[in-house]
Amino acid sequence: MKHIEANFDGLVGPTHNYAGLSFGNVASQSNAAAISNPRSAALQGLAKMKALHDMGMTQGVLAPQQRPDLNMLRRIGFSGSDAQVLDKAYRDAPAILRAAYSASSMWTANAATVSPSADSADNKVHFTPANLVNKFHRSIEPEVTGRILQATFADGNHFAHHQHLPEHDQFGDEGAANHTRLCRQYGDEGLQLFVYGRYGFDPSKPAPQRYPARQTREASEAVARLHQLGEHNTVYIQQNPDVIDQGVFHNDVIAVGNQNVLFYHQQAFLNTESALAEIRAKFGDSPLHFIEVGTDQVSVQDAVKSYLFNTQILTLPSGEMAIIAPTECQENPAVYAYLNHLLEQNTPIRHVHYFDVKQSMQNGGGPACLRLRVALSEQEKAAVNPHSLMSDSKYAELTAWVEKHYRDRLTAEDLRDPQLVVESHQALDQLTQILNLGSVYPFQR
């Protein structure tokens, strides 16, 4: 039976804006209060999805969250009509209003952790939405994320869905941004790497000092239990606290893997040699490629600025691997030189494709942030909601939808406009019909 790895990208929501909400994310903070272009952001994301589809990849679409989250604003004491709630929040709690409008669900690498059926004891694909408790604007996502995932992967014969972990920092879970899977072929049993920033219940262990470690070891272990993984197919690796303090807020900003390739920066992990030794021992005798980028080749600063490691590594239908990189990697001399050098080396990576996702990059997320990886068998792929899969006609339909509903300019002042709520609800209501999701949003229930 043929197995593939699908990429499910998050659609950028109608309220995409630059609010600088993510402490520890250098790009997010440095572009705070800039004027955003939701239409351009959504079209950039769709263009990347369509390009991967055209390469022969299985490409899916995940819907954004309902924003603003008026239920949350009412829960904390803002009352009256929608217009009154927005006006009061704008005047009295502007930072909270910006959080209520966040379109950060576009970065579906944070949406959930996914374990393929080849790795799980019950032979099902498992999904656990991330609780994202470290950032308030993201902590309000998991419930709707779970509904969207259940509507996309609905067949209980193939898919198992779990509730997000307890909503406490000791179980801080950031989803697939701190998780990757190594394997021979996608249908073979793989080795799942869980990268954590700190221990939630043992403050004596190493931890960063400047920026928060968002993923705890306890959260990673809980997800592995839920997904019915075993000791033989899991490895827990601590992220280097010093690199977190340099602005590497997730592991996927400093390392990425695909099949038998692990591509990582020299400073990515706390105890690199012991982690690699455990990976070698558990992976077995098959060829394994560790591609380490030295600090003398690319500094951590350049890696974060360009998102060299927040790229996607894909296995093309030809069997060769390609890196999907943001154009910022072309614009950074050290990174561009490294990638050209990489293509001359004896590794499975033979191509680099550059994409303009600047609207996402300026808010702190690169190509890999925008996608959730789901390895599927032929039967499992057939059980996926077909309306969520990219095609020429789906791309045309979604492009027309964006052009109809999205603004081309959004400022902080616009967040008090009640008409933006009306526009967003109209857009999302139509989107649930395009993707055949049912009533996943609070305003529909």
* What pairs come up if the first residue lies in the stretch 316-330 and is more than 16 Å from VAL261 (Cβ to Cβ), the second is open to solvent by 20 Å² or more (accessible area, probe 1.4 Å) and of a type in the set (Lys, Arg), and their beta carbons are under 8 Å apart, counting only those six or more places apart or on different chains? -> PRO326/LYS358; THR327/LYS358; GLU328/LYS305; GLU328/LYS358
* Residue pairs meeting the criteria (Cβ under 8 Å; at least 6 apart or on separate chains; first free of Cβ contacts under 8 Å to residues at least 40 places away in the same chain, in the stretch 191-205; second among the aliphatic types (A, V, I, L, M) and open to solvent by less than 10 Å² (accessible area, probe 1.4 Å)) -> GLY200/ALA219
* the stretch 368-397 - residue that is outside any loop (DSSP other than H, G, I, E, B) and of a type in the set (A, V, I, L, M) and, of those, most open to solvent (accessible area, probe 1.4 Å) -> ALA382
* Could you tell me whether ASP252 is within 22 Å of GLY364 (Cα to Cα), in a helix (DSSP H, G or I) and open to solvent by less than 20 Å² (accessible area, probe 1.4 Å)? => yes
* Any chance THR145 is open to solvent by less than 20 Å² (accessible area, probe 1.4 Å), of a type in the set (S, T, N, Q) and either in contact with a Leu (Cβ under 6 Å, 6 or more places away or on another chain) or not in a helix (DSSP H, G or I) (or both) -> no
* Within the group ARG75, ARG67, ARG39, ARG98, which residue is more than 22 Å from ARG407 (Cβ to Cβ) and of a type outside the set (Asp, Glu)? -> ARG75
* With (1) touching a residue at least 24 places away in the same chain (Cβ under 8 Å); (2) more than 23 Å from ALA176 (Cα to Cα) as the list, and ARG91 as the residue in question, which single condition is left unmet? -> (1)
* To do: Search the stretch 329-367 for residues being in a helix (DSSP H, G or I) and open to solvent by less than 30 Å² (accessible area, probe 1.4 Å), and hand back the single one that is farthest from GLN185 (Cα to Cα).
  => GLN359
* Structure fact -> Subset of the stretch 237-248, residues farther than 12 Å from TYR307 by Cβ and part of a loop (DSSP other than H, G, I, E, B), comes to ASN240, ASP245, GLN246
* Subset of the stretch 229-248 (residues that are more than 27 Å from VAL125 (Cα to Cα) and in contact (Cβ under 8 Å) with a residue 40 or more places away in the chain) -> PRO241, VAL243, ILE244, GLN246, GLY247, VAL248
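The values are calculated or read from the model by the stated rules, or taken from the named source; none is laboratory data. Worth saying up front: this structure is predicted, and the values here are computed from it rather than measured. Using ideal geometry, Cβ is built from the backbone for each residue, glycine included, and neighbour counts are taken over all protein chains shown. Protein only, heavy atoms only, side chains kept; ligands, DNA and RNA dropped before computing areas. Shrake-Rupley method; radii C 1.70, N 1.55, O 1.52, S 1.80 Å.
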